[in-house]
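Okay, structure first, notes after.
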Amino acid sequence: MATQKLTEYEIKRLENIRRNDEMLAALQLHAKASLLSNATKRSRDGSAKSYKVSPEKKPKKSETPIVIRRSLRTRGMPPDSNCLDADSNENSDKATLNQTSINREKPSPCVMGPLKMKDAYDGTGSDREFIDTLLSFERKPKLGVGVKEEFDCFKVAKEEGHDRVLCGPVKRKVESDNLNCGIKIEKRELEGCVDLGSMSLEPENIARIMPGRIMTVRFFPRNDVNIVAAGNKLGNVAFWNVDSKGETGNGIFLYRPHTGPISGILFQQSCLSKVFTSCYDGYLRLMDAEKEVFDLVHSCDDAIFSLSQHPNDVKSLYFGEGRGGLSVWDDRTGSVSSQWTLHEDRINTIDFNPQNPNIMATSSSDATVCLWDLRKVDAGKPKSLKIVNHERAVHSAYFSPSGSSLASTSFDDTVGILSGVNFEDASRVHHCNQTGRWISSFRATWGWDDSFVYVGNMKRGVDIISPAQRRVIRTLQSPHMTAIPCRFHAHPCRVGMLAGATGGGQVYIWTSS
C-alpha cells in the first residue's frame with residue numbers, strides 16, 4: 001500500500017517536535033531527571049535507614065502534684081467558710097474579722113421557726129425605740145375603737161389639738177330575728193363627718209418608708225399615736241412613727257420577716273404589741289414585741305393572698321390560700337380549724353360585716369364577689385347568699401362602717417356599690433383601674449362613715465366617690481404627690497386622716513384641719 005502523503009500541517013508538526021527534542025538534548029534534562037529520581041528512591045529505601053536508640057526517660061521528681069482548681073460553684077457545692085486560713089493572709093487579724101462576720105450572717109426569712117426581730121431588722125440604727133413604743137401600749141389604757149359602745153352614734157370630740165377623734169362606732173342595729181337570708185340590715189343615711197375641702201397633704205406627712213411596691217398599709221388603731229404599718233412585694237414590713245419627728249432617727253423601722261409579697265397585716269385587738277403578717281410564701285407570722293421575735297404560727301404549701309380577723313373572735317384568723325381556698329386558723333389549738341373552697345381562683349380580700357359579723361364578703365380573681373353566712377357554710381358544698389358578677393378580676397370588696405353597703409373594685413374599670421335590704425340595690429361607677437404591672441391594683445376603701453369611698457387614680461390623685469350620687473365628686477390632689485397612690489387606709493380613730501401607699505415605697509398621709 002502506498003504511503004499516504006503528509007499534509008502541510010503534519011509536516012510542520014513533526015518539524016516542531018524534532019526541534020524541541022534537539023533543544024532538550026542540548027540541555028541534558030533527561031539525564032538530570034534520572035539522577036534526581038534515583039536519589040529519591042535511595043532516601044525511601046528502608047534498608048538505608050538507621051534508628052538511634054535513645055536512653056529511657058526518667059520521670060521528673062516533683063514535690064507537689066499539679067492540681068486543676070475548680071470552684072465550689074462549678075462543682076455545685078455551697079460556699080464553705082471553713083477552708084479560709086488566717087495564716088495564709090498577710091494580716092491574720094483581718095482574716096479573723098472576716099471569718100467572724102461570716103459566722104454572724106443573718107438567718108434567712110424562710111426559716112421554719114421563730115425569727116428574732118434583731119435578725120429580721122433591715123433598717124438603720126436601732127429598733128429599740130419602736131419596741132419600747134409597742135410595749136408602752138400595754139401599760140396605757142386602751143383608747144379609740146377598742147372600747148365599743150353599742151347603739152351609740154359617732155362621738156366626735158375636740159381634743160387639745162385640731163384632730164377629731166372617734167370614741168365610738170357608728171350606730172348599729174342587728175335584726176337577728178329577721179335574717180331570712182342572713183343579711184337584712186337597716187338602711188340609714190349618714191352625713192359626712194369630714195370636710196373634704198379641708199383635707200390637705202403636708203410635706204412632713206410624706207416619707208419613703210421601704211423599697212419596692214407596697215401591697216398593704218394599715219394604721220395602728222389608737223388615737224394617741226400615729227403609726228403606719230406597711231408591707232411590700234419583697235417581704236419587708238415597715239413601721240413609720242409619724243410623731244417621732246425631731247427625735248433620734250426618722251421614725252422608720254424596716255424588717256424582713258418574709259421572702260415574698262406581704263398580703264396582710266393585722267393587729268391583735270387584745271394586745272397591740274402583737275402584729276400578724278401573711279405572705280405569698282405561705283407563712284403566717286406573729287410579731288411579738290415582748291419576746292422580740294417574729295414567730296411562725298402557720299405554714300402552708302400554697303400562697304396566702306388575703307388575711308382578715310373576725311370582729312367577735314380575736315382568736316381566729318381567716319386567710320385565703322391557693323386557688324379559691326379559705327382557711328380558719330385557731331390560736332387556741334394552734335392549727336387550722338376549718339377549710340373551704342369558695343372560689344375558682346384566688347381570694348383577694350376577706351371582710352366581715354360590722355353590723356352582723358356572721359356575714360362575710362370575699363372578692364376573687366374569678367370576677368365574682370360572694371356573700372357568705374358563716375353559720376350556714378357547708379364544708380362539702382359551700383353555698384353563698386349572694387353572688388355579684390364582674391367582667392374581670394375583682395381586687396377588693398369592703399363593707400361600709402355601718403355595714404349597710406358594700407364597695408367592690410374590679411379590673412373591668414368599675415367600682416360596684418351594693419346597698420339596701422339584703423344588698424339588693426346594685427350600681428356601678430366607672431373608674432379607670434388599669435394600673436399596669438409595676439403598680440399595685442386599686443382598692444376602693446371606705447372612709448369614716450358611709451358617705452364616701454376613696455380610690456387612687458393614674459393622675460397621682462385620690463378620687464372620692466359618693467355612693468348616693470354614684471359618681472366621683474372630688475379629687476384630692478397636691479403638688480407634693482409625686483407618685484400614684486394605690487392602697488389606702490382610713491385611720492380608725494382619727495377622722496380625716498387617710499394614708500395612701502404607692503408602688504415606690506412612699507406613704508402619703510392626708511389630714512383634715
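The values are calculated or read from the model by the stated rules, or taken from the named source; none is laboratory data. Note that this is a predicted model, so its numbers are computed, not measured. Neighbour counts are summed over all protein chains in view; Cβ atoms, including those assigned to glycine, are modelled from backbone coordinates with ideal geometry. All accessible areas refer to the heavy atoms of the entire protein, side chains included, with ligands and DNA or RNA removed. Shrake-Rupley method; radii C 1.70, N 1.55, O 1.52, S 1.80 Å.
Of all residues in the range 326-339, those that are touching a residue at least 12 places away in the same chain (Cβ under 8 Å) and more than 11 Å from residue 313 (Cβ to Cβ) have Cβ atoms under 9 Å from Cβ atoms of residues that are open to solvent by 50 Å² or more (accessible area, probe 1.4 Å) and hydrophobic (A, V, I, L, M, F, W, C), 6 or more apart or on another chain, in 338/379; 339/379.
From the list 495, 507, the lone residue that is buried (at least 17 other Cβ atoms within 10 Å of the Cβ) and modelled with pLDDT of 95 or more is 507. Reported count of residues in the range 351-366, each being touching a residue at least 40 places away in the same chain (Cβ under 8 Å) and under 23 Å from the mean Cα position of the chain (by Cα), is 5.
Of all residue pairs spaced 6 or more apart or on separate chains, those with beta-carbon atoms under 8 Å, a first member in the range 210-224 that is farther than 19 Å from residue 505 by Cβ and touching a residue at least 24 places away in the same chain (Cβ under 8 Å) and a second member that is among the charged types (D, E, K, R) and buried (at least 20 other Cβ atoms within 10 Å of the Cβ) are 223/494.
Suppose we filter the range 387-410 for residues that are open to solvent by 50 Å² or more (accessible area, probe 1.4 Å) and part of a loop (DSSP other than H, G, I, E, B); how many remain?
Our first condition is that a residue be open to solvent by 50 Å² or more (accessible area, probe 1.4 Å); within the range 387-410, this holds for 387, 389, 391-392, 398.
With part of a loop (DSSP other than H, G, I, E, B) added as a condition, the list becomes 391-392.
The number of residues fulfilling the criteria is 2.
Screening residue 358 with (1) under 19 Å from residue 384 (Cα atoms); (2) open to solvent by less than 40 Å² (accessible area, probe 1.4 Å) gives one miss only, at (2). Filtering the range 430-475 to residues that are of a type in the set (Phe, Trp, Tyr), under 19 Å from residue 216 (Cβ atoms) and either touching a helix residue (DSSP H, G or I) at 6+ places or on another chain (Cβ under 9 Å) or crowded, with 18+ Cβ neighbours inside 10 Å (or both) leaves 442, 446, 454. Can you find, within the range 117-139, the residue that is nearest to residue 289 (Cα to Cα) among those that are in a helix (DSSP H, G or I) and aromatic (Phe, Trp, Tyr)? Only one residue tops the list, namely 130.
With acidic (Asp, Glu), more than 30 Å from residue 233 (Cα to Cα) and in contact with a Cys (Cβ under 6 Å, 6 or more places away or on another chain) as the only criterion, which of 373, 425, 413, 449 stands out?
Values: 373 fails: in contact with a Cys (Cβ under 6 Å, 6 or more places away or on another chain); 425 fails: in contact with a Cys (Cβ under 6 Å, 6 or more places away or on another chain); 413 fails: more than 30 Å from residue 233 (Cα to Cα).
Sole residue among the options that is acidic (Asp, Glu), more than 30 Å from residue 233 (Cα to Cα) and in contact with a Cys (Cβ under 6 Å, 6 or more places away or on another chain): 449.
Among what's in the range 358-386 and is β-branched (Val, Ile, Thr) and not in a loop (DSSP other than H, G, I, E, B), pick the residue that is farthest from residue 263 (Cα to Cα).
The initial filter retains those residues of the range 358-386 that are β-branched (Val, Ile, Thr), namely 359, 362, 368-369, 377.
Then drop every residue that is not not in a loop (DSSP other than H, G, I, E, B), which leaves 359, 362, 368-369.
Numbers: 359: 22, 362: 15, 368: 19, 369: 19 Å.
Checked the range 358-386; the qualifying residue farthest from residue 263 (Cα to Cα) is 359.
For the range 450-500, filtering for residues that are within 25 Å of the chain's Cα centre (by Cα) and among the polar types (S, T, N, Q) leaves 2.
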